[in-house]
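Trainee: Have a look at this one before I ask anything.
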């Protein structure tokens, strides 16, 4: 597929005005509704009692099959800040043939492993080889009449000494928001 086939962000994430406690913590909830936060995601089965839970959501001007195909690209690159989390290598700007052929156990975004997927609907990843935390994430594509909605849930358990746990809880969600917002907005940047 060509560069022009990259999904395009339909609009910026709406402000989260539900008023519940989760939407008030910095970096925890971005662009999702209270109903989406109450939904069960496959990552909940991987880490059922997380220390930290984060939600992200965007609307994408692309059909679910194309959006899912873009998510498969996470097998080869993080699509965030390449200088930081891709060792300076540029994430591919076009869809790579064959990456949509998924099987459980494949590596994603360098430090995750595919634990579950449903074609054109969701991928769920579990972090591997990171000593101070456990993480699982589900990227879920929700079809709408003329666009797709991408909702992401990230669950984390923090290990290590108490000071580390407090720092991770205080700054982890905001740091993830910066990185994942860039990742989710990739289609807009590549237009």
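Trainee: Given the residues 99, 95, which is the only one that is in a loop (DSSP other than H, G, I, E, B), surrounded by fewer than 20 Cβ atoms within 10 Å (Cβ to Cβ), modelled with pLDDT of 80 or more and in contact with a helix residue (DSSP H, G or I) (Cβ under 8 Å, 6 or more places away or on another chain)?
Mentor: Sole residue among the options that is in a loop (DSSP other than H, G, I, E, B), surrounded by fewer than 20 Cβ atoms within 10 Å (Cβ to Cβ), modelled with pLDDT of 80 or more and in contact with a helix residue (DSSP H, G or I) (Cβ under 8 Å, 6 or more places away or on another chain): 99.
Trainee: On to the next question. Identify all residues within the stretch 23-51 that are surrounded by 22 or more Cβ atoms within 10 Å (Cβ to Cβ) and outside any loop (DSSP other than H, G, I, E, B); write none if there are none.
Mentor: The answer is 29, 30, 43.
Trainee: Evaluate the stretch 54-61: report whether one residue or more is assigned to a helix (DSSP H, G or I), modelled with pLDDT of 90 or more and buried (at least 20 other Cβ atoms within 10 Å of the Cβ).
Mentor: No, there is no match, as no residue in the stretch 54-61 is assigned to a helix (DSSP H, G or I), modelled with pLDDT of 90 or more and buried (at least 20 other Cβ atoms within 10 Å of the Cβ).
Trainee: When you go through (1) modelled with pLDDT of 90 or more; (2) in contact with a helix residue (DSSP H, G or I) (Cβ under 9 Å, 6 or more places away or on another chain) one by one for residue 113, which number turns out not to apply?
Mentor: Single failed check for residue 113: (2).
Trainee: Under the condition of being part of a loop (DSSP other than H, G, I, E, B), over 29 Å from residue 145 (Cα atoms) and within 18 Å of the chain's Cα centre (by Cα), which residue from the stretch 62-91 is modelled with the highest pLDDT?
Mentor: Filtering the stretch 62-91 for residues that are part of a loop (DSSP other than H, G, I, E, B), over 29 Å from residue 145 (Cα atoms) and within 18 Å of the chain's Cα centre (by Cα), the one modelled with the highest pLDDT comes out as 76.
The values are calculated or read from the model by the stated rules, or taken from the named source; none is laboratory data. Bear in mind the structure is a predicted one, so any value in this text is a computation, not a measurement. Quick reminder, even Gly has a Cβ in these numbers, built from the backbone with ideal geometry, and neighbours come from all protein chains shown.
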